[in-house]
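Below: the structure, in C-alpha cells.
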Amino acid sequence: MPVTTLTIDGTPVAVETGSTILEAAQEAGVRIPTLCHLDGVSDVGACRLCLVEITGTRKLLPACVTEVAEEMEVHTNTEKLQEYRRMVVEMLFSEGNHVCAVCVSNGHCELQNMAVELGMDHSRFSYRFPQRDVDISHPQFGIDHNRCIFCTRCVRVCDELEGAHVWDVAHRCAGLKIVAGLDQPWGDVDACTSCGKCVDACPTGAIFRKGSTVAEMTRDRGKLEFLQQAREKGEWTR
Ligand code: SF4
Ligand code: SF4
Ligand code: FES
C-alpha cells in the first residue's frame, strides 16, 4: 500500500496515497467541521465548511474532496478559516427559513450545532425569506424545503445506498431545489421504497418522519454506516 506523508497542524501523518485530507485528519484525530460529508457515501464538496489552508497555496481547499500530497502542510483551524466557516453558516441561515424554536430538529440539528460550535450568534447578511413549500404527500415522511441547506446527502444515500435515485437537484442559483422524481410530489414517485435512508441522512429538519413533534427528530446514522460497510464487504452476497 503506497503511503503519503504530510503534516496536519504541525503533526506528521502517514496515510494511504489517494486519501482525502479529511480522511487523513480523521486518522490523526483532528476534527474538521463538515456538513455535506456523510460517512459511507461519495463526497461532493458542496458546503465548504471543511475548507483548510495549505502552505504555499493561496486558495482555501475543501478537505473532503482534496487528495493528500507528499509533504503537504495542512492547517485546519486558523483564524481565517474560523472566520470563513462562520460566514458560510451565516449564509446558510440567511438563505433559508430557519425558525429553530418550531422545528422538528431543534436540539438535534447539525446546522444548529455548527452555529453553536463556530460561535455564530447573528448573521451579518440580510435574511432573504424565500417562498418555499412543504411536501407531505408521502404517507410516512415529509420534506420542508425551508430548512434544506442543499447538502445533497439525501440525493447521494438514495442513489448510492438504496439505488432508487428518487432525489435530485433541480434549477440554479436562488431557484435551486431538491426534487423528488421529475419534480413531483414525493408520494407520487413510484421509485421510492419508503426505506427512510434520506430521513436518517438529512442533517437538518428538512426531511422528517410524519408525526414527529417539535425537537423530536433524531437520526440513526449508525444504520447508514452499517449498510454501507455490509455492502462494501459483500456480506449479503452468496
Ligand atoms: S433545520 Fe436546524 S437550523 Fe433550521 S430551523 Fe431546524 S433546528 Fe433550526
Ligand atoms: S433535504 Fe436534507 S439531506 Fe437533502 S439536501 Fe436538503 S438538507 Fe441536505
Ligand atoms: S464537508 Fe467538505 S465541502 Fe462540505
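When you restrict to C-alpha pairs under 8 Å that are six or more residues apart and normalise by the size of the chain, the relative contact order lands at 18 percent. Here the spin labels are modelled as points 7 Å beyond Cα on the Cα-Cβ line, and at E79 and K210 they lie 5.3 nm apart. Each of T152, M91, L182 was placed along the dipole of the range 81-238 (beta-carbon charges, centred on the mean Cα), and the one lying farthest toward the positive end is M91.
Each label was represented as a point 7 Å from its Cα along the Cα-to-Cβ direction; for S42 and V3 these points are 3.0 nm apart. Once the 1.4 Å probe is applied to the protein heavy atoms, the chain comes out at 52 Å² accessible per residue. Here is the short version for the chain: C50, C64, C100, C103, C109, C148, C158, C173, C192, C195, C202 have no other Cys C-beta closer than 4.7 Å. Straight Cα distances below 29 angstrom link K223 to the lysines K177, K197, K210, K233, with same-chain residues fewer than 8 positions distant left out. Placing a label point 7 Å from the Cα of K59 along the Cα-to-Cβ direction, the residues of the range 65-98 whose backbone N falls under 14 Å from that point are 65-67. The fraction of accessible area contributed by carbon and sulfur in the chain is 51 percent, rounded to a whole number (1.4 Å probe; ligands and nucleic acids excluded). When peptides 2-8, 148-154, 15-21 are ranked by their average number of other Cβ atoms within 10 Å per residue, the highest-first order is 148-154, 15-21, 2-8.
When the alpha carbon coordinates of the range 183-238 are projected onto the principal axes, the ranges are 41, 28, 17 Å, largest first. Principal axis extents of the C-alpha atoms in the range 1-102 (largest first, rounded to whole Å): 50, 30, 21. Hydrodynamic radius of the chain by the Kirkwood approach over all distinct alpha-carbon pairs: 19.1 Å.
Radius of gyration (Cα atoms) of the range 132-238, expressed as a multiple of 2.2 N^0.38 Å: 1.08. In this calculation the C-beta distance from E235 to N113 is compared with R0 = 41 Å, giving a FRET efficiency of 0.80.
Multiplying the residue separation of L176 and A69 by 0.36 nm and subtracting their alpha-carbon distance yields 35.1 nm.
Peptides 31-43, 123-135 ranked from most to least packed by the mean count of surrounding Cβ atoms within 10 Å: 31-43, 123-135. Listed peptides 171-177, 95-101 appear in the order 95-101, 171-177 once ranked by packing, highest mean of other Cβ atoms within 10 Å at the front. With each label modelled as a point 7 angstrom along the Cα→C-beta vector, the E225-Q184 pair spans 3.6 nm. When only Cα pairs below 8 angstrom with a gap of at least 6 residues are kept, the range 145-238 shows a relative contact order of 26 percent. Set the Cα radius of gyration of the range 77-193 against 2.2 N^0.38 Å, with N its number of residues, and you get 1.17.
The values are calculated or read from the model by the stated rules, or taken from the named source; none is laboratory data. Quantities reported herein were computed from a predicted structural model and do not represent experimental measurements. Backbone-built Cβ (ideal geometry, glycine too); neighbour counts: all protein chains shown. Quick note on the areas: whole protein, heavy atoms, side chains included, nothing else; ligands and nucleic acids left out. Shrake-Rupley method; radii C 1.70, N 1.55, O 1.52, S 1.80 Å.
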